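Asks: The structure's right below; bear with me while I get my questions together.
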Amino acid sequence: MSTLTIDRLTVGHGDGAPVLDGLSLEVPDGALVALLGANGAGKTTLLRALVGLLPARAGRVLLDGADLSALSTEDRVRRGLALVPEGRSVVVELTVAENLRLGALRQAGRPRRGPAVDAAVAEMYELFEPLARRRDAAGHTLSGGERQMLALARALVSRPDVLLLDEPSLGLAPLVVARLLGVLRDQAEATGLTVLLAEQNVTSALSVAERGVVLSLGEVVADRPAAELAADPALRHAYLGF
Ligand code: ATP
């Protein structure tokens, strides 16, 4: 639903050397782009900088051409960006249903009520059947896979235009990964959601993405159609470690 443009972005931690040094990348409207790279390549740093959790030292982040760089994280979320951070963040004291309602209360900054919230939550139960079965279970009783589904559903229920995901497959069984990424691909196709998916699980990520971008030491070393990247053993060997 929106094009995300990263324009010569420079980001570092504290006073350290920049992790990303003038990085540029475009994620077009409705595309699902995989952001690949070994441990420490800079994927998390990039995602955090996009939502304003890390300050950029230079460069711009644009959504449909509008510069978000000066905006707070809250305002960027209001404009339609959403981040699902690494680690399946859900409110563990609340039930599945409560977590989803919390996500559904806001849609691009506009408060929603009653029926609209119920409809949005019901839609998530259709997408993620295990969550429907466990709707009254507290967050802390969920399995890793259920928690990650809930983290993703909670982000989707707020109907973002651009969804940023940090390693959603980490520690999950292959079947659960396939289901999660399948939902993402279907959402991108059905609703025009724009997705930037950071993953170390290269094979899974490339199986759902149209394009793959490989980061190494904070630089884009490849930006190609997913099928082409998947079929390039030299590149995989050089940058992705297998
Ligand atoms: P991973 O898959 O391990 O999360 P990544 O590709 O997401 O890897 P980043 O976490 O963005 O990589 O790390 C990029 C670089 O920034 C690494 O050299 C890392 O050591 C450094 N770094 C990350 N977080 C911090 C921090 N809070 N303070 C200082 N340096 C950091």
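Asks: List the residues, sorted by chain then number, that are 5 or more residues from A58 or on another chain and whose placed amide H is less than 5 Å from its amide H.
Replies: For A58, whose amide H was placed from the backbone, the distant partners under 5 Å are T10.
Asks: Follow-up question, since we're still on this one. Cα centroid distance between the range 56-95 and the range 13-39, in Å?
Replies: Here the two parts' Cα centres lie 14 Å apart.
Asks: Something else: Based solely on its DSSP helices, what 222 nm [θ] is calculated for the chain when runs of n ≥ 4 H residues each add -39,500 (n - 2.57) and the sum is averaged over all residues, nearest 500 deg cm²/dmol?
Replies: Roughly -10000 deg cm²/dmol at 222 nm, from the helical runs in the chain.
Asks: Next question, about the same structure. Would you list T203, T10, T5 from fewest to most Cβ contacts within 10 Å? Mind showing how you got there, number by number?
Replies: Details: T203 13, T10 16, T5 19.
The most exposed by this proxy come first: T203, T10, T5.
Asks: Between beta-carbons, use under 14 Å as the cut-off and find the net charge around A234, counting Lys and Arg +1, Asp and Glu -1.
Replies: Cβ neighbours under 14 Å give a net charge of 0.
Asks: Kirkwood-based Rg over Rh for the chain (C-alpha set), two decimals?
Replies: Radius of gyration relative to Kirkwood radius: 0.96.
Asks: For a protection proxy built on the mean count of beta-carbon atoms within 10 angstrom, sort 14-24, 166-176 highest first, please.
Replies: The peptides rank, most packed first, as 166-176, 14-24.
Asks: For S69, what residues show an amide H to amide H distance below 5 Å, using hydrogens built from the backbone and excluding near sequence neighbours?
Replies: Residues meeting the amide H criterion: V61.
Asks: Over all directions, what mean area does the Cα convex hull of the range 88-159 project, stated in square nanometres?
Replies: Dividing the Cα hull surface by four gives the mean projection, 4.1 nm².
Asks: Which percent, nearest 5, of DSSP beta bridges in the chain are antiparallel?
Replies: 55 percent
Asks: Continuing with the same structure: For the range 88-159, what's the relative contact order in percent, using C-alpha pairs closer than 8 Å and at least 6 residues apart?
Replies: 53 percent
Asks: Let me ask you something else. Amide H of L32 versus every other amide H placed in the peptide plane: which residues, excluding those fewer than 5 positions away on the same chain, fall under 5 Å?
Replies: The list, which skips near neighbours in sequence, is V195, E210, R211.
Taken together, the values in this text are just the output of simple stated rules run on the coordinates, not laboratory data. Computed from a predicted structure; not experimentally measured. Here the Cβ is made from the backbone with ideal geometry for all residues, glycine too, and neighbour counts use every protein chain on show.
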